[in-house]
Ligand SMILES: N[C@@H](CCC(=O)N[C@@H](CS)C(=O)NCC(=O)O)C(=O)O
């Protein structure tokens, strides 16, 4: 099994899950300029990471990859047993992937949406404001919980990854004490620390 990644980007969530699984795997860093070159586009026509290969399987899209790993390793219990609990996990996976992550796509990728630099700044500011609203929602969900859904799941490393981005863009998360506690608890996790170290992010 091999994970293609860029340090600190969304594949960090998959990387943490691979650590939690505890089976051998490989990683390969992809330079940003290589993403849109034919060799990498043959793996992922979108030209983005993560890509996970497992034998003949070439899988893209974080949510699909995370669910694949959880289903391949049911012993990790990263997806729960009942259909109701799995639906709840997918709800929060969708929230992090399609709402939070996508909003950061606007902040980090502002230049790909508009060429005018003042419009880019406006777009990034709007994205950050939207992200702050979304973090407030997940902070509420984390009330009284160590993990987003109450038990450890594929959602947690993904939320951890996007929370790192929030810190990188100096998003004001003060007051979101549940999110802060979650972040500290993830920072102390051995699998998280191993993935950060492997990506040169300690
Ligand atoms: N929908 C994809 C989005 C992947 C994505 O946005 N990857 C980013 C890193 S977090 C990337 O490779 N960006 C480079 C680019 O799109 O040029 C997923 O959920 O995996």
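The values are calculated or read from the model by the stated rules, or taken from the named source; none is laboratory data. Predicted model, so just to flag it, every value in this text is computed and none were measured. Every residue, glycine among them, receives a Cβ derived from its backbone with ideal geometry; neighbour counts consider all protein chains shown.
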Margin query: When you check residue 130 against the structure, is it surrounded by 12 or more Cβ atoms within 10 Å (Cβ to Cβ), within 24 Å of residue 9 (Cβ to Cβ) and more than 16 Å from the ligand (Cβ to nearest atom), yes or no?
Written below: yes
Next item on the list: Kindly list the number of the only condition in (1) within 19 Å of the chain's Cα centre (by Cα); (2) farther than 18 Å from residue 12 by Cβ; (3) touching a residue at least 60 places away in the same chain (Cβ under 8 Å) that fails for residue 101.
Entry: (2)
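Residue by residue, here is whether (1) within 15 Å of the ligand (Cβ to nearest atom); (2) under 19 Å from residue 190 (Cα atoms); (3) touching a strand residue (DSSP E or B) at 6+ places or on another chain (Cβ under 9 Å); (4) modelled with pLDDT under 95 holds:
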| site | (1), (2), (3), (4) |
| --- | --- |
| 13 | yes, yes, no, no |
| 29 | yes, no, yes, no |
| 41 | yes, no, no, no |
| 47 | yes, no, no, no |
| 55 | no, no, no, no |
| 62 | yes, no, no, no |
| 65 | yes, no, yes, no |
| 69 | yes, yes, yes, no |
| 72 | no, no, yes, no |
Item checked: Test: residue in segment 151-164 that is more than 18 Å from residue 97 (Cα to Cα) and outside any helix (DSSP H, G or I) -> yes
Check: Quick check, is residue 194 under 28 Å from residue 71 (Cα atoms), in contact with a strand residue (DSSP E or B) (Cβ under 9 Å, 6 or more places away or on another chain) and surrounded by 15 or more Cβ atoms within 10 Å (Cβ to Cβ)?
Finding: no
